[in-house]
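The structure appears below as structure tokens.
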Amino acid sequence: MSALPLLCVLLSAAPAAFGQREVIRTEVVAQWEFDRDTDGFAAEHHCQLSSGQGHLIVRSDGVDPYFHRPVDLPGGQLQLQLRAKGTVAGGSIYWTTDQSPQRGEDKAQSFPMRSDGQWHEYSVTFAAAGRLKDLRLDPGNGPGELEIDWIRLVREELHPISIEEVQCDEHRVRCRLKNHQPGAIDVQVFGQKLTIPGQSEQTVEQPVDASHPLEVFSVVVHAGDLPPVRQTVFLHHPAAETAWIERPLDGGKLQVARDGTVARLYRGDRLVAALAPLVHQGDKMPKLRVTAESPDICLQGDGIKATVSAQGDEITVRLDSQQPCEGPVVRALGGLEQGLFAGLEYLGKGEHSSSMLDVETDERLRYVPDVMKVTFPLMAFVTDRGSVAMTWSDMQVQPVFATPNVMDGTADHRMALRGKTIEATIRLAHVPLEELIAWYVKKCGLPPLPQPPRTREQQWELCLKGLNGPLHTADGWGHCAEDHWPRAFLADHASTIWRLTGKVPEMPRIVPGGAHVPNDSIFFVTGHADQWLKSQQQRVRGMMQQQKPDGSFHYEGKYRRGHFEDTASGACARPAWVLLDYAYSTGDRAARETGLRTLDYMKRFRTPRGAQTWELSLHTPDQLASAYAVLAYVRGFELTGKQEYLKEARRWALSGIPFVYLWTCKPVMLYGTPPVFGATNWRAPCWIGLPVQWVGGVYAYGLTKLAPYDDSVDWNHLARGILISAEQQQYPDGKWVGLLPDSFVLRSQERHPWNINPCALVSLRMVLDGQLDSLAVAVDGNHRVVAPFPVAIRQGKAHIQGRAGVKYQVLLDGSRIADVDSQGDDVVPLD
């Protein structure tokens with residue numbers, strides 16, 4: 001570590017968000033430049049350190065590499081800075097202090113690190129209580145190399161005063177100020193002088209004008225010679241009137257203020273939303289004048305032009321500004337029922353955006369996110385007054401999303417766009433959130449499919465390489481290839497191999513499961529249909545015992561924390577699917593009634609969440625919950641013919657679309673599927689913007705089951721896109737050839753472990769290609785037949801499209817097993 005003189009730099013007083021303190025000075029307290037050696041840094045886990053040419057060289061050789069350095073430095077508000085290049089993506093730091101000497105997730109911070117082999121500078125801010133005693137750096141999560149030019153530790157001096165909160169109503173603005181220093185400090189705000197005691201808060205208020213529909217209100221706090229702390233909010237006053245230009249909307253009307261400050265959206269006579277402001281530039285309102293009123297409303301000012309048009313239930317706003325601007329600022333009014341920011345937020349009744357319920361690190365802050373985390377351009381709110389959605393045409397503009405509207409200190413729900421050239425379409429309606437998703441898909445369409453990376457025959461060859469590679473040992477196959485995943489003679493893997501080759505692999509026994517989509521064919525072509533039936537019966541009976549009398553399933557465990565109840569759509573949907581799938585195959589009445597009771601209970605849920613409680617919160621929005629719900633409700637419809645179940649299947653299918661990328665700026669991105677809007681253990685990894693295609697694959701498989709009954713969306717097209725993205729993500733060669741990585745980093749186009757078997761991808765492609773992937777079920781009014789080949793019931797007989805020379809079994813009416821020596825087209829009497 002190099003000893004440096006104290007260096008103080010006065011920073012510009014840029015506005016801070018509510019509750020955040022502005023940095024006014026920085027001081028470099030330590031710097032490591034690696035001119036001679038590793039400067040005290042030492043390898044600790046799955047890496048080696050060396051120095052050369054003034055750089056620290058880190059070579060990682062396994063999962064979770066990290067290195068560290070003991071230090072003894074004053075703590076406080078600190079920032080770790082480094083200049084580095086490498087082939088590893090993502091990074092984290094851990095620290096310990098004299099007051100908290102054990103490492104833990106409470107003293108950790110992740111930060112983005114690029115793996116493009118180019119030099120980049122990174123910084124991560126953290127707070128260390130007491131004296132800092134140890135620093136640990138985690139470069140990525142797998143093998144690779146990182147070269148570090150220098151590392152600096154900087155102490156930040158924060159402004160002693162922060163604006164913790166601004167609350168606005170129709171009469172006044174209340175501003176809560178906090179003094180963070182031990183001693184009292186004199187401030188001036190709203191023309192008032194006051195003293196805030198040390199480590200204390202004080203609330204000041206100021207009446208509002210409220211004479212105009214839009215008021216620009218600036219809070220400026222002066223504290224001696226320090227830079228002023230300031231925050232500007234925009235206040236919409238619904239009772240205030242001005243000169244308007246009106247346009248009819250389906251079921252309502254649009255009002256645009258002639259001075260271009262604000263617009264209002266009504267359903268009937270009820271105000272549902274406001275564009276407030278219509279546009280602003282750096283918290284300043286441009287002076288606009290009306291230049292045309294027909295057919296579009298055109299407003300123009302110095303260096304800015306706005307155009308507003310209305311048709312049906314849609315309003316289009318076009319902004320062209322020489323300076324960066326924000327607009328339209330859409331503010332939905334009323335109590336929140338549902339909210340969506342595609343790729344980032346899926347909110348239920350009364351929930352807050354950017355909360356800590358699913359992510360507890362700084363990655364929870366999604367008010368103004370990285371645009372690459374947005375899966376497609378849609379933001380929407382459903383309130384007790386109506387529903388408002390906004391889409392836009394250019395993915396380079398910056399979306400903004402906040403509920404409640406913390407940016408203006410008001411109770412409304414805010415969505416906006418930032419840029420120079422903006423075109424947005426806003427829909428005003430009275431429909432559930434899922435129908436706003438359907439509106440987007442209908443309006444913009446599903447994008448064309450990516451080019452498949454290989455032919456069907458090449459794909460089968462690749463998958464077989466994966467199944468016969470490191471996934472397979474003398475003890476069977478693993479779900480994943482890494483050594484610590486146990487091996488067994490798994491039914492899904494053996495069934496997939498049989499489907500692809502026509503040959504039964506050698507195995508002393510069959511163990512159910514193995515893949516994310518079940519494939520039980522192998523039981524019926526090896527003479528073990530009775531084992532399949534018994535194992536399914538045992539599984540179903542166990543689930544039935546877990547069900548509550550009202551049809552629900554519940555979860556109690558570590559990941560229950562923070563959720564408002566002990567159940568969720570994902571917790572109920574998966575057992576419902578298992579029960580009803582078994583009932584569909586066997587006709588079992590108890591499983592049928594139990595599963596249908598769960599479907600009826602699940603109608604209360606509005607958000608897909610809680611399907612991955614092995615590592616994620618029960619509260620976390622989750623595409624796997626959408627997948628299981630689709631599969632369960634389709635089975636319910638097939639068992640009963642009830643249209644209400646089909647409508648529910650469609651609703652849940654729509655709920656899974658926000659987890660799918662419908663735009664791209666990378667070779668592999670389109671139709672990628674970030675699985676959840678949350679983080680493992682609330683901290684890391686954060687899965688927002690990080691595709692996990694096996695989850696998308698289960699969802700796509702569910703879509704193929706819905707597609708024969710619903711054509712409101714081209715479900716097979718969407719499923720095919722998800723499949724092609726998965727095939728793009730598969731390892732094309734190397735040690736893990738043919739396997740599917742657990743996640744795929746879009747920015748660096750890197751595959752991350754675990755490395756998963758490709759069985760579910762084979763099943764999905766077969767179904768999309770019109771082939772049978774697993775077991776076929778045929779049902780008429782009297783009989784039910786399960787077979788490993790396509791089957792139909794005609795005139796009291798099962799007609800099976802078998803394969804000549806293959807011996808197989810069929811299950812008849814859920815209890816009888818018949819042996820068949822196939823002649824190709826086989827007939828089995830049922831009566």
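Quick notes
- Test result for Tyr584, open to solvent by 30 Å² or more (accessible area, probe 1.4 Å), touching a helix residue (DSSP H, G or I) at 6+ places or on another chain (Cβ under 9 Å) and among the hydroxyl-bearing types (Ser, Thr, Tyr): yes
- Of the criteria (1) of a type outside the set (D, E, K, R); (2) closer than 23 Å to Leu333 by Cα; (3) modelled with pLDDT under 95; (4) open to solvent by 60 Å² or more (accessible area, probe 1.4 Å), which one Pro248 fails: (3)
- Scanning segment 452-467 for residues that are open to solvent by 80 Å² or more (accessible area, probe 1.4 Å) and in contact (Cβ under 8 Å) with a residue 12 or more places away in the chain gives a single hit, Lys465.
- Counted as qualifying within segment 98-187 are the strands (runs of 3 or more DSSP E) with 3 or more residues that are over 33 Å from the mean Cα position of the chain (by Cα), namely 120-139, 144-158, 172-179.
- Any hit, segment 663-673, residues being in a helix (DSSP H, G or I), open to solvent by 30 Å² or more (accessible area, probe 1.4 Å) and under 28 Å from His752 (Cβ atoms): no
- Single residue of segment 58-75 satisfying the filter (assigned to a strand (DSSP E or B) and open to solvent by 30 Å² or more (accessible area, probe 1.4 Å)) that is nearest to Ala129 (Cα to Cα): Pro74
- Some residue of segment 810-828 being open to solvent by 60 Å² or more (accessible area, probe 1.4 Å), outside any loop (DSSP other than H, G, I, E, B) and either out of contact with any strand residue (DSSP E or B) (no Cβ under 6 Å at 6 or more places or on another chain) or at pLDDT below 95 (or both): yes
- Qualifying position, being touching a residue at least 24 places away in the same chain (Cβ under 8 Å), open to solvent by less than 10 Å² (accessible area, probe 1.4 Å) and under 27 Å from Tyr671 (Cβ atoms), among Val374, Val382: Val374
Matching residues to (1) in contact (Cβ under 8 Å) with a residue 40 or more places away in the chain; (2) open to solvent by 30 Å² or more (accessible area, probe 1.4 Å); (3) over 30 Å from Val827 (Cα atoms); (4) not aromatic (Phe, Trp, Tyr):
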{"position": "Ser748", "(1), (2), (3), (4)": "yes, yes, yes, yes"}
{"position": "Pro753", "(1), (2), (3), (4)": "yes, yes, yes, yes"}
{"position": "Met766", "(1), (2), (3), (4)": "yes, no, no, yes"}
{"position": "Asp769", "(1), (2), (3), (4)": "yes, yes, no, yes"}
{"position": "Ala778", "(1), (2), (3), (4)": "no, no, no, yes"}
{"position": "Gly781", "(1), (2), (3), (4)": "no, yes, no, yes"}
{"position": "Arg784", "(1), (2), (3), (4)": "yes, yes, no, yes"}
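- Across segment 689-712, the number of residues qualifying as in a loop (DSSP other than H, G, I, E, B), open to solvent by 10 Å² or more (accessible area, probe 1.4 Å) and not hydroxyl-bearing (Ser, Thr, Tyr) comes to 6.
- Positions within segment 299-350 being part of a loop (DSSP other than H, G, I, E, B) and either aromatic (Phe, Trp, Tyr) or free of Cβ contacts under 8 Å to residues at least 40 places away in the same chain (or both), in sequence order: Asp302, Gly303, Gly350
- When residues in segment 385-422 are screened for being assigned to a strand (DSSP E or B) and either in contact (Cβ under 8 Å) with a residue 40 or more places away in the chain or crowded, with 24+ Cβ neighbours inside 10 Å (or both), 22 of them pass.
- Among the residues of segment 719-754, just one is of a type in the set (A, V, I, L, M), closer than 23 Å to Ile657 by Cα, at pLDDT 95 or above and not in a helix (DSSP H, G or I), namely Leu740.
- Phe564 vs. criteria within 27 Å of the chain's Cα centre (by Cα), closer than 21 Å to Leu433 by Cβ, open to solvent by 10 Å² or more (accessible area, probe 1.4 Å) and of a type outside the set (D, E, K, R): yes
- Taking the conditions (1) closer than 22 Å to Ala760 by Cα; (2) open to solvent by less than 10 Å² (accessible area, probe 1.4 Å); (3) within 35 Å of the chain's Cα centre (by Cα) in turn, Pro512 satisfies each one other than (2).
- Segment 82-96, residues that are within 20 Å of Arg36 (Cα to Cα) and either surrounded by fewer than 21 Cβ atoms within 10 Å (Cβ to Cβ) or not hydrophobic (A, V, I, L, M, F, W, C) (or both): Arg83, Lys85
The values are calculated or read from the model by the stated rules, or taken from the named source; none is laboratory data. Computed from a prediction, not measured in an experiment: that's the story for all the values here. Methodologically, a virtual Cβ is constructed for each residue, glycine included, from the backbone with ideal geometry; neighbour enumeration extends over all protein chains shown. In case anyone asks, the SASA skips ligands and DNA or RNA and just uses the protein heavy atoms, side chains included. Shrake-Rupley method; radii C 1.70, N 1.55, O 1.52, S 1.80 Å.
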